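Engineer: Here it is: the structure, laid out below.
The values are calculated or read from the model by the stated rules, or taken from the named source; none is laboratory data. These numbers come from a predicted model, not from an experiment. Here Cβ is always computed from backbone atoms with ideal geometry, including for glycine, and neighbour counts include all displayed protein chains.
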Amino acid sequence: MKELIKKLVEISSPSGREDAIREAIVEEVRDYVDELKVDALGNLICMKKGKSGKKLLLDAHMDEIGVVVTHIDEKGFLRIDMLGGVSPYMLLGSRIIFESGACGIVSTEGESAREAGEIMKNLDFDHIFVDIGASSKEEAEKLAPIGTFGTYDSKFRDLGEKLVSKSMDDRIACAILVQTIKELKEPADDVYFVFAVQEEVGIVGASVAAFDIMPDMAVAVDVTAGPDTPKSFKRMGFKLGAGPTIKIKDRGSVSSSRVVSRLKEVADIRSIPVQYEVLIFGGTDARGYQITGKGIAAGTVSVPTRYVHSPNEVVDYNDVLNTVRLLKALAEEGV
Ligand code: CO
Ligand code: ZN
(Lines give C-alpha, C1' and ligand atoms only; values in the text may rest on other atoms or scores of the structure.)
(Ligands and ions follow the chains in the order given, each with its own letter.)
Protein backbone atom coordinates (compact mmCIF):
# COMPACT_ATOMS: atom_id res chain seq x y z
CA MET A 1 0.00 0.00 0.00
CA LYS A 2 3.04 2.30 0.37
CA GLU A 3 3.24 2.67 -3.44
CA LEU A 4 -0.36 3.91 -3.51
CA ILE A 5 0.32 6.37 -0.66
CA LYS A 6 3.41 7.75 -2.42
CA LYS A 7 1.43 8.19 -5.64
CA LEU A 8 -1.41 10.12 -3.98
CA VAL A 9 0.58 12.35 -1.59
CA GLU A 10 3.00 13.56 -4.24
CA ILE A 11 0.24 14.94 -6.50
CA SER A 12 -0.15 18.72 -6.16
CA SER A 13 -3.90 19.49 -5.92
CA PRO A 14 -4.83 22.35 -3.58
CA SER A 15 -8.43 23.30 -2.73
CA GLY A 16 -10.38 24.14 -5.88
CA ARG A 17 -7.78 22.46 -8.11
CA GLU A 18 -8.59 18.79 -7.50
CA ASP A 19 -8.54 17.55 -11.12
CA ALA A 20 -5.16 15.80 -10.94
CA ILE A 21 -5.82 13.95 -7.69
CA ARG A 22 -9.35 12.98 -8.81
CA GLU A 23 -8.03 11.51 -12.07
CA ALA A 24 -5.46 9.46 -10.14
CA ILE A 25 -8.15 8.10 -7.78
CA VAL A 26 -10.55 7.28 -10.65
CA GLU A 27 -7.75 5.32 -12.33
CA GLU A 28 -7.24 3.30 -9.11
CA VAL A 29 -10.88 2.50 -8.28
CA ARG A 30 -12.77 2.39 -11.58
CA ASP A 31 -12.63 -1.43 -11.92
CA TYR A 32 -13.70 -2.07 -8.32
CA VAL A 33 -16.95 -0.05 -7.94
CA ASP A 34 -20.56 -0.45 -9.14
CA GLU A 35 -21.17 3.26 -9.72
CA LEU A 36 -18.90 6.26 -10.21
CA LYS A 37 -19.80 9.90 -10.79
CA VAL A 38 -18.41 13.42 -10.42
CA ASP A 39 -20.79 16.13 -9.20
CA ALA A 40 -20.92 19.81 -10.18
CA LEU A 41 -18.42 20.84 -7.46
CA GLY A 42 -15.98 18.11 -8.46
CA ASN A 43 -16.65 15.60 -5.66
CA LEU A 44 -15.94 12.02 -6.79
CA ILE A 45 -18.68 9.66 -5.57
CA CYS A 46 -18.26 5.87 -5.94
CA MET A 47 -20.58 3.11 -4.73
CA LYS A 48 -20.30 -0.57 -3.92
CA LYS A 49 -23.64 -2.36 -3.73
CA GLY A 50 -24.77 -4.19 -0.59
CA LYS A 51 -27.88 -6.21 0.32
CA SER A 52 -29.48 -4.58 3.38
CA GLY A 53 -31.05 -1.57 1.63
CA LYS A 54 -29.21 0.73 4.05
CA LYS A 55 -26.53 3.22 3.08
CA LEU A 56 -23.10 3.95 4.58
CA LEU A 57 -21.03 6.92 3.43
CA LEU A 58 -17.24 7.01 3.87
CA ASP A 59 -15.45 10.28 3.10
CA ALA A 60 -11.92 11.55 2.50
CA HIS A 61 -11.12 15.02 1.24
CA MET A 62 -8.97 15.17 -1.90
CA ASP A 63 -7.74 18.74 -1.57
CA GLU A 64 -4.68 19.93 0.32
CA ILE A 65 -3.67 23.29 1.79
CA GLY A 66 -1.78 25.66 -0.48
CA VAL A 67 -1.06 29.24 -1.49
CA VAL A 68 -2.22 31.61 -4.24
CA VAL A 69 -0.30 34.37 -6.02
CA THR A 70 -1.77 37.79 -5.13
CA HIS A 71 0.80 40.25 -6.51
CA ILE A 72 4.02 40.43 -8.55
CA ASP A 73 6.54 43.25 -8.03
CA GLU A 74 8.80 44.99 -10.59
CA LYS A 75 11.72 42.63 -9.89
CA GLY A 76 9.56 39.53 -10.36
CA PHE A 77 9.07 38.53 -6.72
CA LEU A 78 5.63 37.11 -5.83
CA ARG A 79 3.37 37.90 -2.91
CA ILE A 80 0.98 35.16 -1.81
CA ASP A 81 -1.99 34.40 0.41
CA MET A 82 -3.01 31.14 2.04
CA LEU A 83 -5.49 28.50 0.84
CA GLY A 84 -6.65 26.86 4.05
CA GLY A 85 -4.69 26.95 7.30
CA VAL A 86 -1.10 27.64 6.25
CA SER A 87 1.42 29.03 8.73
CA PRO A 88 4.00 31.48 7.34
CA TYR A 89 6.49 29.88 9.74
CA MET A 90 5.98 26.52 7.98
CA LEU A 91 6.30 28.16 4.55
CA LEU A 92 9.54 29.98 5.33
CA GLY A 93 12.47 28.16 3.73
CA SER A 94 10.24 25.68 1.93
CA ARG A 95 9.70 25.11 -1.77
CA ILE A 96 6.40 25.74 -3.53
CA ILE A 97 5.30 23.98 -6.72
CA PHE A 98 2.82 26.07 -8.72
CA GLU A 99 0.12 24.64 -10.99
CA SER A 100 1.99 26.15 -13.96
CA GLY A 101 5.01 24.00 -13.05
CA ALA A 102 7.02 26.97 -11.71
CA CYS A 103 8.98 26.31 -8.51
CA GLY A 104 9.37 28.98 -5.82
CA ILE A 105 11.37 29.48 -2.63
CA VAL A 106 9.73 31.27 0.29
CA SER A 107 11.81 33.93 2.06
CA THR A 108 11.26 36.93 4.30
CA GLU A 109 11.93 40.70 4.32
CA GLY A 110 14.41 42.51 6.59
CA GLU A 111 16.72 45.50 5.85
CA SER A 112 18.88 44.68 8.86
CA ALA A 113 19.48 41.64 11.04
CA ARG A 114 17.52 43.42 13.77
CA GLU A 115 14.53 44.10 11.51
CA ALA A 116 14.59 40.51 10.21
CA GLY A 117 14.58 39.34 13.83
CA GLU A 118 11.61 41.57 14.69
CA ILE A 119 9.70 40.28 11.63
CA MET A 120 10.39 36.67 12.63
CA LYS A 121 8.74 37.26 16.02
CA ASN A 122 5.39 37.94 14.38
CA LEU A 123 5.78 36.48 10.92
CA ASP A 124 2.79 37.07 8.64
CA PHE A 125 1.97 36.99 4.93
CA ASP A 126 2.72 40.73 4.61
CA HIS A 127 6.42 40.03 5.19
CA ILE A 128 7.09 36.92 3.12
CA PHE A 129 7.65 36.65 -0.62
CA VAL A 130 8.31 33.91 -3.19
CA ASP A 131 11.31 33.83 -5.54
CA ILE A 132 10.60 31.83 -8.72
CA GLY A 133 13.88 32.71 -10.37
CA ALA A 134 12.38 35.44 -12.54
CA SER A 135 14.38 38.62 -13.29
CA SER A 136 11.45 40.86 -14.19
CA LYS A 137 7.75 41.35 -13.62
CA GLU A 138 7.06 40.27 -17.20
CA GLU A 139 8.97 37.02 -16.80
CA ALA A 140 7.25 36.22 -13.48
CA GLU A 141 3.83 36.95 -15.01
CA LYS A 142 4.51 34.26 -17.60
CA LEU A 143 5.68 31.69 -15.03
CA ALA A 144 3.06 32.24 -12.29
CA PRO A 145 0.45 34.93 -13.02
CA ILE A 146 -1.79 36.39 -10.29
CA GLY A 147 -4.29 33.73 -9.21
CA THR A 148 -1.91 30.79 -9.71
CA PHE A 149 -2.29 28.14 -6.98
CA GLY A 150 0.61 26.25 -5.43
CA THR A 151 1.39 23.65 -2.76
CA TYR A 152 4.40 22.49 -0.79
CA ASP A 153 6.92 20.70 -3.00
CA SER A 154 7.89 17.80 -0.75
CA LYS A 155 8.50 14.13 -1.52
CA PHE A 156 7.28 10.97 0.18
CA ARG A 157 9.81 9.18 2.40
CA ASP A 158 9.42 5.76 3.99
CA LEU A 159 10.98 5.80 7.48
CA GLY A 160 9.90 2.20 8.14
CA GLU A 161 7.00 2.30 10.59
CA LYS A 162 6.60 6.04 10.04
CA LEU A 163 5.84 7.66 6.68
CA VAL A 164 6.47 11.33 5.89
CA SER A 165 5.26 13.66 3.13
CA LYS A 166 3.28 16.79 2.41
CA SER A 167 -0.52 16.34 2.21
CA MET A 168 -0.92 13.24 4.37
CA ASP A 169 -3.87 15.54 5.23
CA ASP A 170 -5.88 14.05 3.66
CA ARG A 171 -4.35 11.88 0.95
CA ILE A 172 -3.58 9.24 3.58
CA ALA A 173 -7.37 8.88 3.96
CA CYS A 174 -7.80 8.88 0.16
CA ALA A 175 -5.32 5.97 0.03
CA ILE A 176 -7.18 4.25 2.90
CA LEU A 177 -10.51 4.55 1.05
CA VAL A 178 -8.98 3.33 -2.23
CA GLN A 179 -7.50 0.32 -0.42
CA THR A 180 -10.85 -0.35 1.30
CA ILE A 181 -12.61 -0.24 -2.08
CA LYS A 182 -10.15 -2.78 -3.48
CA GLU A 183 -10.34 -5.16 -0.51
CA LEU A 184 -14.08 -4.94 0.24
CA LYS A 185 -15.83 -7.99 -1.23
CA GLU A 186 -19.27 -8.26 0.39
CA PRO A 187 -20.52 -5.02 1.96
CA ALA A 188 -23.64 -5.32 4.12
CA ASP A 189 -24.99 -1.93 3.04
CA ASP A 190 -24.60 0.14 -0.11
CA VAL A 191 -21.28 1.85 0.60
CA TYR A 192 -20.73 5.30 -0.90
CA PHE A 193 -17.13 6.49 -1.06
CA VAL A 194 -16.95 10.27 -1.33
CA PHE A 195 -13.67 11.91 -2.31
CA ALA A 196 -14.59 15.49 -1.43
CA VAL A 197 -13.29 18.82 -2.69
CA GLN A 198 -12.40 21.99 -0.77
CA GLU A 199 -12.40 20.76 2.84
CA GLU A 200 -9.50 23.02 3.74
CA VAL A 201 -11.31 26.19 2.70
CA GLY A 202 -14.51 25.51 4.66
CA ILE A 203 -15.95 21.95 4.29
CA VAL A 204 -17.37 22.91 0.89
CA GLY A 205 -17.60 19.61 -1.01
CA ALA A 206 -18.93 17.50 1.86
CA SER A 207 -21.72 19.99 2.53
CA VAL A 208 -23.42 19.01 -0.74
CA ALA A 209 -22.01 15.57 -1.58
CA ALA A 210 -24.56 13.59 0.43
CA PHE A 211 -27.63 15.57 -0.65
CA ASP A 212 -28.93 12.97 -3.11
CA ILE A 213 -27.52 9.98 -1.18
CA MET A 214 -28.88 10.75 2.30
CA PRO A 215 -27.02 7.83 3.95
CA ASP A 216 -27.99 6.21 7.26
CA MET A 217 -24.50 6.99 8.54
CA ALA A 218 -21.56 9.11 7.37
CA VAL A 219 -17.95 8.71 8.53
CA ALA A 220 -15.30 11.25 7.56
CA VAL A 221 -11.76 9.88 7.54
CA ASP A 222 -9.12 12.51 8.19
CA VAL A 223 -5.89 13.18 10.02
CA THR A 224 -5.81 14.44 13.60
CA ALA A 225 -3.01 15.77 15.79
CA GLY A 226 -0.11 13.58 16.94
CA PRO A 227 0.26 14.89 20.48
CA ASP A 228 2.99 12.40 21.42
CA THR A 229 6.04 14.57 20.71
CA PRO A 230 8.12 16.40 23.37
CA LYS A 231 6.05 18.95 25.30
CA SER A 232 3.10 18.64 22.92
CA PHE A 233 -0.59 19.20 23.69
CA LYS A 234 -0.81 17.92 27.26
CA ARG A 235 -4.61 17.80 27.25
CA MET A 236 -4.68 15.09 24.56
CA GLY A 237 -3.32 11.58 25.13
CA PHE A 238 -3.72 9.64 21.87
CA LYS A 239 -0.57 8.65 19.99
CA LEU A 240 0.89 7.35 16.74
CA GLY A 241 0.97 3.57 16.36
CA ALA A 242 -1.84 2.78 18.82
CA GLY A 243 -4.57 2.57 16.17
CA PRO A 244 -6.98 4.95 14.42
CA THR A 245 -8.93 7.28 16.67
CA ILE A 246 -12.71 7.44 16.98
CA LYS A 247 -13.49 11.12 17.35
CA ILE A 248 -15.77 12.22 20.16
CA LYS A 249 -15.66 15.89 19.19
CA ASP A 250 -13.60 18.72 17.76
CA ARG A 251 -14.33 22.42 17.19
CA GLY A 252 -16.45 21.65 14.11
CA SER A 253 -18.77 18.91 15.34
CA VAL A 254 -19.82 16.54 18.08
CA SER A 255 -19.86 13.01 16.63
CA SER A 256 -23.17 11.15 16.69
CA SER A 257 -22.99 8.80 19.69
CA ARG A 258 -24.56 6.06 17.54
CA VAL A 259 -21.66 6.37 15.08
CA VAL A 260 -19.09 6.34 17.92
CA SER A 261 -20.58 3.24 19.56
CA ARG A 262 -20.99 1.35 16.27
CA LEU A 263 -17.35 2.03 15.34
CA LYS A 264 -16.21 0.76 18.76
CA GLU A 265 -18.44 -2.34 18.43
CA VAL A 266 -17.07 -3.39 15.05
CA ALA A 267 -13.48 -2.65 16.22
CA ASP A 268 -14.04 -4.98 19.18
CA ILE A 269 -15.64 -7.71 17.00
CA ARG A 270 -12.54 -7.73 14.77
CA SER A 271 -9.96 -7.02 17.55
CA ILE A 272 -8.77 -3.80 15.90
CA PRO A 273 -6.92 -1.38 18.20
CA VAL A 274 -8.65 2.03 18.42
CA GLN A 275 -8.27 5.14 20.58
CA TYR A 276 -10.79 7.80 21.54
CA GLU A 277 -10.07 11.34 20.43
CA VAL A 278 -11.23 14.68 21.78
CA LEU A 279 -9.50 17.23 19.55
CA ILE A 280 -9.27 20.67 21.17
CA PHE A 281 -9.23 22.49 17.79
CA GLY A 282 -10.00 21.74 14.13
CA GLY A 283 -12.89 20.19 12.25
CA THR A 284 -13.61 17.65 9.50
CA ASP A 285 -16.09 16.90 6.71
CA ALA A 286 -18.31 15.27 9.39
CA ARG A 287 -19.68 18.75 10.05
CA GLY A 288 -20.76 19.04 6.41
CA TYR A 289 -22.61 15.72 6.53
CA GLN A 290 -24.38 16.44 9.83
CA ILE A 291 -26.09 19.49 8.38
CA THR A 292 -26.87 18.10 4.91
CA GLY A 293 -30.52 17.60 3.89
CA LYS A 294 -32.64 16.63 6.88
CA GLY A 295 -29.47 15.82 8.87
CA ILE A 296 -27.19 12.76 8.84
CA ALA A 297 -25.72 10.75 11.75
CA ALA A 298 -22.04 11.52 11.27
CA GLY A 299 -18.67 10.96 12.91
CA THR A 300 -14.96 10.89 12.18
CA VAL A 301 -12.23 8.26 12.19
CA SER A 302 -8.76 9.83 12.30
CA VAL A 303 -5.19 8.84 11.63
CA PRO A 304 -2.93 10.39 14.30
CA THR A 305 -0.50 12.66 12.42
CA ARG A 306 2.45 14.73 13.59
CA TYR A 307 3.18 18.22 12.18
CA VAL A 308 -0.21 18.62 10.42
CA HIS A 309 -0.26 21.37 7.74
CA SER A 310 3.55 21.33 7.44
CA PRO A 311 5.54 20.04 4.44
CA ASN A 312 6.45 17.01 6.56
CA GLU A 313 3.35 15.31 7.98
CA VAL A 314 4.15 12.02 9.71
CA VAL A 315 1.83 9.01 10.11
CA ASP A 316 2.37 5.46 11.39
CA TYR A 317 1.91 2.72 8.78
CA ASN A 318 0.26 0.35 11.29
CA ASP A 319 -2.42 2.98 11.99
CA VAL A 320 -3.02 3.23 8.24
CA LEU A 321 -3.49 -0.55 7.89
CA ASN A 322 -5.73 -0.67 10.98
CA THR A 323 -7.89 2.14 9.59
CA VAL A 324 -8.47 0.07 6.44
CA ARG A 325 -9.45 -2.88 8.68
CA LEU A 326 -11.82 -0.68 10.71
CA LEU A 327 -13.62 0.71 7.63
CA LYS A 328 -13.90 -2.78 6.12
CA ALA A 329 -15.32 -4.05 9.41
CA LEU A 330 -17.95 -1.29 9.45
CA ALA A 331 -18.86 -1.90 5.79
CA GLU A 332 -19.12 -5.68 6.26
CA GLU A 333 -20.90 -5.65 9.64
CA GLY A 334 -23.24 -2.85 8.51
CA VAL A 335 -24.44 0.42 10.01
CO1 CO B 1 -6.23 19.93 6.96
ZN1 ZN C 1 -7.89 17.16 6.57
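Engineer: Restricting to the stretch 283-311, name every residue that is touching a residue at least 24 places away in the same chain (Cβ under 8 Å) and away from ligand 2 (no atom under 16 Å from the Cβ).
Structural biologist: Result: GLN290, ILE291, THR292, GLY293, LYS294, ILE296, ALA297.
Engineer: Only residues that are of a type in the set (A, V, I, L, M, F, W, C) and either in contact (Cβ under 8 Å) with a residue 40 or more places away in the chain or surrounded by fewer than 17 Cβ atoms within 10 Å (Cβ to Cβ) (or both): list them for the stretch 92-118, please.
Structural biologist: LEU92, ILE96, ILE97, PHE98, ALA102, CYS103, ILE105, ALA113, ALA116
Engineer: Determine if the stretch 170-188 includes at least one residue that is hydroxyl-bearing (Ser, Thr, Tyr), more than 18 Å from SER310 (Cα to Cα) and more than 16 Å from ligand 2 (Cβ to nearest atom).
Structural biologist: yes
Engineer: For residues that are under 18 Å from the mean Cα position of the chain (by Cα) and surrounded by 15 or more Cβ atoms within 10 Å (Cβ to Cβ), tally how many sit in the stretch 78-90.
Structural biologist: The number of residues fulfilling the criteria is 5.
Engineer: If LYS247 satisfies every condition in (1) among the charged types (D, E, K, R); (2) in contact with a strand residue (DSSP E or B) (Cβ under 9 Å, 6 or more places away or on another chain); (3) modelled with pLDDT under 95 but one, which is the exception?
Structural biologist: Of the numbered conditions (1) among the charged types (D, E, K, R); (2) in contact with a strand residue (DSSP E or B) (Cβ under 9 Å, 6 or more places away or on another chain); (3) modelled with pLDDT under 95, the odd one out for LYS247 is (3).
Engineer: Test each condition in (1) away from ligand 2 (no atom under 15 Å from the Cβ); (2) within 25 Å of MET62 (Cβ to Cβ); (3) of a type in the set (S, T, N, Q) for SER271 and report the one that comes out false.
Structural biologist: Answer for SER271: the failing condition is (2).
Engineer: Among the residues of the stretch 285-299, are any at pLDDT 95 or above, crowded, with 24+ Cβ neighbours inside 10 Å and charged (D, E, K, R)?
Structural biologist: Yes, because at least one residue in the stretch 285-299 is at pLDDT 95 or above, crowded, with 24+ Cβ neighbours inside 10 Å and charged (D, E, K, R).
Engineer: Oh, and also: Take the residues of the stretch 184-219 that are under 19 Å from THR323 (Cβ atoms) and within 14 Å of ligand 1 (Cβ to nearest atom): which is surrounded by the most Cβ atoms within 10 Å (Cβ to Cβ)?
Structural biologist: Looking at the filtered set, the residue picked out is ALA196.
Engineer: Let me ask something else about it. All but one of (1) surrounded by 22 or more Cβ atoms within 10 Å (Cβ to Cβ); (2) under 18 Å from the mean Cα position of the chain (by Cα) hold for LEU263; which doesn't?
Structural biologist: Looking at each condition in turn, LEU263 falls short on (2).
Engineer: Are any of the residues in the stretch 238-247 surrounded by 21 or more Cβ atoms within 10 Å (Cβ to Cβ) and out of contact with any Pro (no Cβ under 9 Å at 6 or more places or on another chain)?
Structural biologist: Looking for residues that are surrounded by 21 or more Cβ atoms within 10 Å (Cβ to Cβ) and out of contact with any Pro (no Cβ under 9 Å at 6 or more places or on another chain), one finds at least one in the stretch 238-247, hence yes.
Engineer: Another question, then. Which condition breaks for GLY252 when tested against (1) more than 16 Å from ligand 1 (Cβ to nearest atom); (2) on the phi < 0 side of the Ramachandran plot; (3) surrounded by fewer than 24 Cβ atoms within 10 Å (Cβ to Cβ)?
Structural biologist: (1)
Engineer: Taking the stretch 285-304 on its own, how many of its residues are of a type in the set (Val, Ile, Thr) and within 20 Å of ASP316 (Cα to Cα)? Reasoning before the result, please.
Structural biologist: Residues of the stretch 285-304 that are of a type in the set (Val, Ile, Thr), as a first pass: 291-292, 296, 300-301, 303.
Now restrict to residues that are within 20 Å of ASP316 (Cα to Cα): 300-301, 303.
So the count comes out to 3.
Engineer: Does at least one position in the stretch 164-183 carry a residue that is within 16 Å of ligand 1 (Cβ to nearest atom), acidic (Asp, Glu), touching a residue at least 12 places away in the same chain (Cβ under 8 Å) and in contact with a helix residue (DSSP H, G or I) (Cβ under 9 Å, 6 or more places away or on another chain)?
Structural biologist: Checked the stretch 164-183: no residue is within 16 Å of ligand 1 (Cβ to nearest atom), acidic (Asp, Glu), touching a residue at least 12 places away in the same chain (Cβ under 8 Å) and in contact with a helix residue (DSSP H, G or I) (Cβ under 9 Å, 6 or more places away or on another chain).
Engineer: Hey, which of the strands (runs of 3 or more DSSP E) in the stretch 16-77, taking only ones fully inside, have at least 2 residues that are more than 16 Å from ligand 2 (Cβ to nearest atom) and buried (at least 20 other Cβ atoms within 10 Å of the Cβ)?
Structural biologist: 44-48, 55-61, 66-72
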